[in-house]
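Any read-out appearing in this document is the output of simple, stated calculations on the displayed coordinates, not a laboratory observation. The shown structure was predicted, so the numbers you read here are calculated from the model rather than taken from an experiment. Please note: Cβ atoms are built from the backbone with ideal geometry, for glycine as well, and neighbour counts cover all protein chains shown.
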Amino acid sequence: MILDAPHRVEPGKPIPLLLLAKDADRFSCILHHVSVTVKSNAIHPTTHDLLKEPITIDAKFFSKVFQLERPQTEGWVECDTEFEIEIHGRRRTYRNDNYRTSSHRPLKIFLAATPLPALPGLHLGDAHLHSSFTDDQVEFGAPLKPSVELARSMGLSFFCVTDHSYDLDDRTDGFLHNDPALPKWRELQNQIDALNEANPNFAVIRGEEVSCRNAFGHNVHFLLYGHRNFIPGSGDSAERWFKTWSEHSIAEILANNVDGTAAYASHALEPISFLQRLFLDRSTWTDSDLALHGLTGMQFANGKRETGFRRGYEAWVKFLLKGKKLFTLAGTDAHGNFNRYRQILIPFFKIQESHDQLFGKMQTGIFCSQLTETAVVQSLLTGAAIATDGPVINLRVRNDSNPTSIGKTFRSDSAATRSVAIDLSVRSTPEFGGLATVQVFYGVLGAPSESLLAEFSEAQEFALNKIIQLHIDAISYVRAEIHTSPAGTRDSTSHFCFSNPIWFVPRA
């Protein structure tokens, strides 16, 4: 049993505290007491009793969201929760979770003074999330309904449910056995439909993280968005030891991909541990995989800025220069981690904790006029998106007859349109830092590297609007990125944003 909360809450919103109990169908209990003590440097500690009467918990996944009145302060606060449960007549009290080897530390929540940075038509969400339908020997996610509630409190407008293919074909009563009738997959589709019907201003995007074979036959993960037909992939499921051959290759999935489905390489170049390579035959995407026709894009922003982030960014730019229209997006790969990453490190012995890969810590921003599941998938499919962990950016070609936005191609139809003006719009807030570096890159297809078309530094500013002139003399693209100043940010680190490119084709 754990208590969780968003790592960030929008201005004016209460703090949602999520109580999650797992496997109570096997180990039922009575929840007698839940309280939380809120404290920060700016306020006196206050304790709130959250539970009015005992609750019997006997479901496989039980969740309840307590809405805590927002303290009269801003910035970081700590929520130290306490709960009492009864099992077989014995009562015990726990702090924040009842994992045996966890830290039991308080939850740290940032109460934002300003909303998330915004631009017209922009909607922010997490494009890589695991729900309670991911449930196996070592990991599980949170139920969808409370996930919507917590996402809204953070200022997000959508998330993409990308549960593991090897979990979605399981029986409902055990993750080591499959069911050809696919009851979990079907229930996931039903829940997503119901949530989208009940939440008109929020979109839950159906997806799947498919285990499949790369060019060398090793297991990698593949994000598919917007499809309703299950694709099996179980090579790295650990359901059958040393039987690690996945059902499909990347090329086979792309060859049979349904129109309207966005296909992204999942954490494409993130390093794989020795044990995962040995026992699960996991690996990374290869250059030949990323070059395949039909691949929409690649994810390298996966909740933390480490080796996989850097390698993925470099590969993305390399393929853009080669002429591959490869989009990018951002997500966190969160498995029910809203406030703190808590996951098994050594089975039965050790819990690993960190503040990486928290839900919503990295976001995809999509540009669309109406927020629906279909519109979000279409934006991912066409690259009308940015990848960010705070600041936001947009590019748009000024042209009366052919206005062109991120992800699209501008074709000059006359000598007059060989010179174009590009509107650049950038926004941040003190929470994410001033605009230390705003760069606009120009890439000519076949060139060894990009050139810098424009650069601005406004470290004390949080908004920037510029017009950039471009003469189109080759098949090329323009993209933009931001790196903020770490001074005064909520976590004392720099924050980033990458736009997808606009492509340019000169008149023949």
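Observations on the model:
- Pick from the stretch 285-326, criterion among the polar types (S, T, N, Q) and out of contact with any helix residue (DSSP H, G or I) (no Cβ under 8 Å at 6 or more places or on another chain), ranking: nearest to THR409 (Cα to Cα): SER288
- For the stretch 245-271, filtered to residues that are part of a strand (DSSP E or B) and of a type in the set (A, V, I, L, M), the residue that is nearest to SER288 (Cα to Cα) is ALA265.
Results for (1) part of a strand (DSSP E or B); (2) on the phi > 0 side of the Ramachandran plot; (3) in contact with an Asp or Glu (Cβ under 8 Å, 6 or more places away or on another chain), shown as yes or no for each residue.
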site	(1), (2), (3)
ARG70	no, no, no
TYR94	yes, no, yes
SER103	no, no, yes
LEU119	no, no, no
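- For the criterion of being small (Gly, Ala, Ser) and either part of a helix (DSSP H, G or I) or buried (at least 20 other Cβ atoms within 10 Å of the Cβ) (or both), ALA301 passes.
- Among the candidates GLY488, GLY407, GLY446, GLY433, the residue that is touching a His at 6+ places or on another chain (Cβ under 9 Å) and at positive phi is uniquely GLY433.
- Wholly within the stretch 142-244, strands (runs of 3 or more DSSP E) carrying at least 3 residues that are within 22 Å of ASP23 (Cα to Cα): 174-178
- Failed item in (1) crowded, with 23+ Cβ neighbours inside 10 Å; (2) over 30 Å from ARG427 (Cβ atoms); (3) not small (Gly, Ala, Ser), with THR162 passing the rest: (2)
- Taking (1) among the hydroxyl-bearing types (Ser, Thr, Tyr); (2) more than 29 Å from the chain's Cα centre (by Cα); (3) surrounded by 20 or more Cβ atoms within 10 Å (Cβ to Cβ) in turn, SER419 satisfies each apart from (3).
- First in the stretch 271-286 and in contact (Cβ under 8 Å) with a residue 12 or more places away in the chain, second anywhere and part of a helix (DSSP H, G or I) and among the β-branched types (Val, Ile, Thr), Cβ under 9 Å, 6 or more apart: PRO271/THR307; TRP285/ILE250
- Residue match in the stretch 444-463 (condition: touching a residue at least 40 places away in the same chain (Cβ under 8 Å), within 28 Å of LEU381 (Cα to Cα), assigned to a strand (DSSP E or B) and in contact with a Phe, Trp or Tyr (Cβ under 8 Å, 6 or more places away or on another chain)): no
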